[in-house]
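Comments concern the structure below.
The values are calculated or read from the model by the stated rules, or taken from the named source; none is laboratory data. Nothing here was measured: the structure is a model prediction, and the numbers come from that model. Cβ coordinates were reconstructed from backbone atoms using ideal geometry, including for glycine residues, and neighbour counts include every protein chain displayed.
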């Protein structure tokens, strides 16, 4: 199926498909948060959490108390009661916001605009995702040509009454005859895979369960696909996926043959000696190899094994009932760097890697000489090589992240030489859609003031140019009412932290404006410009200045930037965030009593710690999910707070 580059996400922690700060459009009403609710004047009656002093952990001979561990059991009556009290308190505060319903109306009205993703090809057909406006889930469409009549192929909104069943896996067979699709309910990481045949859009009886952190990768004969799963629960364990509170172990790779029961699926790889690792299998674009990736944790490092499918006399299905794993060969057998497949010509493979290159580079290795690696595109001194997509037979579309803004280049695949710059506005490339054999590519683009543009580029032209294929228009939104600036704020140790500031066009820097500051700083995730209806509404109607601080811990400047905000250096994240808040006050955008901070998941940890360290610069915080992180980025994340 067509290869579509999207922003990277942690393999073990499921993040929103959208930019993280867009998942909470309005956690608390800004009129109340920034106005009358001073914690000094009107303290809130928060529910008291019981302390259990008997619970401790011993780390390296030091006893660490964990008095609130009882809250980790979501099914206990005590936890349910505590959560209900928290919800009641929140509701009592939100009810005091006089403009709450008006804000809701404005956000709903403005959000009701059509949303499209870049089309992609499989077989001789085109596919794309589309949301008409307020649909809970995006819908998959198919058409015979770009100007052909689109048909609904799969509408997840019909799979539940409340719209909480989402499409999390979409993989189309090479001949475009079958769709393997994964569905998840109510935000769960657990996925059930089903299969649709295109001829009549019927769903075949095959149902695959206990799937998490997986895709589906078809062999080119369309007989089946590779996927990853966990073992089914043993007797006495919960049979409802998502209700378990223990860690999942023994992630394994299987091959499913069409028309068979999951119990007959072929076990392709397992590694019981490393039960915490996750794995994925991906068939190369020429269909001759399957690559096995193994991940140890959330760090951008992985192993790479390969199996020559063309050397299997009876194909993968020939291993059914043989109690024998596929003959994978080790190419990278350590967890030192990240390796991501780009293309291959026979046994010559091109990978994107951060091996000795924190900002990434492209390398090539011949499977016949696995110890001989060569650089195709060397690491850039300043910019991060985010992705490379093979197109037009022997070319590459390369996307760099330059000071948190994407730039595009067309390069030669074999030598890496620069052929053309592909000029785009300041913002984010949300996706690149193309197959290696395609001479036309589609590029998704967005920024703080552009909801979405899909560009089309014909690479056969002497000088390829991006042409607008489809542009999203939001009724009632005028981008000329706003301005976007990027500043570089010195942190506590002098390191300059980039920050985007979105404000009204004619703003006066007199300190009178309410301000919303967002930060994330973790898991090598880059927070790039992204259109947010919620932000636009509060900026327009409440005069809010909203800002995104690209603090250390993210991937904005490569792996060194990520590591500078991880583990023993986690304090840098909080120092960066506090420095950004102080800048907004000193520059005249706002004042302490009008400054609100926001973060979700790892960003919630940032908000909470920053509030504790410097309660004065920010009088309000809307940390959502504070402390939910990953071991590689923060110490003992499950019990960090």
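Odds and ends about this structure:
- Entry remark, the stretch 72-84: residues being modelled with pLDDT of 95 or more and either assigned by TED's automatic domain parsing to the domain that holds residue 615 or over 30 Å from residue 98 (Cβ atoms) (or both) number 6 in total.
- Only one entry in 604, 534, 555 is at pLDDT below 95, buried (at least 21 other Cβ atoms within 10 Å of the Cβ) and in contact with a strand residue (DSSP E or B) (Cβ under 8 Å, 6 or more places away or on another chain), namely 604.
- Test for residue 36: is it in a helix (DSSP H, G or I) and modelled with pLDDT under 90: no
- Residue 118 satisfies every condition listed in (1) in contact (Cβ under 8 Å) with a residue 60 or more places away in the chain; (2) assigned to a helix (DSSP H, G or I) except (2).
Per-residue answers, yes or no, for (1) in contact (Cβ under 8 Å) with a residue 40 or more places away in the chain; (2) within 21 Å of the chain's Cα centre (by Cα); (3) not in a strand (DSSP E or B):
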residue: 494; (1), (2), (3): no, no, yes
residue: 502; (1), (2), (3): yes, no, no
residue: 512; (1), (2), (3): yes, no, yes
residue: 524; (1), (2), (3): yes, yes, yes
residue: 557; (1), (2), (3): yes, yes, yes
residue: 568; (1), (2), (3): no, no, yes
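- Residue 142, sole failed condition from (1) within 23 Å of the chain's Cα centre (by Cα); (2) closer than 24 Å to residue 451 by Cα; (3) surrounded by 13 or more Cβ atoms within 10 Å (Cβ to Cβ): (1)
- Note on the stretch 72-93: among residues that are surrounded by 14 or more Cβ atoms within 10 Å (Cβ to Cβ) and out of contact with any helix residue (DSSP H, G or I) (no Cβ under 6 Å at 6 or more places or on another chain), the one that is nearest to residue 55 (Cα to Cα) is 82.
- Qualifying strands (runs of 3 or more DSSP E) (wholly inside the stretch 408-472; at least 1 residues being in contact (Cβ under 8 Å) with a residue 60 or more places away in the chain): 428-434, 440-446, 453-458, 466-471
- Total residues in the stretch 133-160, condition under 22 Å from residue 432 (Cα atoms) and assigned to a loop (DSSP other than H, G, I, E, B): 8
- Entirely in the stretch 302-354, the strands (runs of 3 or more DSSP E) that have 2 or more residues that are within 32 Å of the chain's Cα centre (by Cα) and surrounded by fewer than 21 Cβ atoms within 10 Å (Cβ to Cβ): 303-308, 329-332, 339-345
- When residues in the stretch 269-282 are screened for being outside any loop (DSSP other than H, G, I, E, B) and under 22 Å from the mean Cα position of the chain (by Cα), 5 of them pass.
- The set of residues in the stretch 148-179 that are more than 25 Å from the chain's Cα centre (by Cα) and under 19 Å from residue 217 (Cβ atoms) comprises 174, 175, 176, 177, 178.
- Restricting attention to the stretch 266-287, the residues being surrounded by fewer than 17 Cβ atoms within 10 Å (Cβ to Cβ) and without any contact (Cβ under 8 Å) to a residue 40 or more places away in the chain number 6.
- Hey, residue 481 in contact (Cβ under 8 Å) with a residue 40 or more places away in the chain, surrounded by fewer than 15 Cβ atoms within 10 Å (Cβ to Cβ) and either assigned by TED's automatic domain parsing to the domain that holds residue 602 or more than 21 Å from residue 590 (Cα to Cα) (or both) or not: yes
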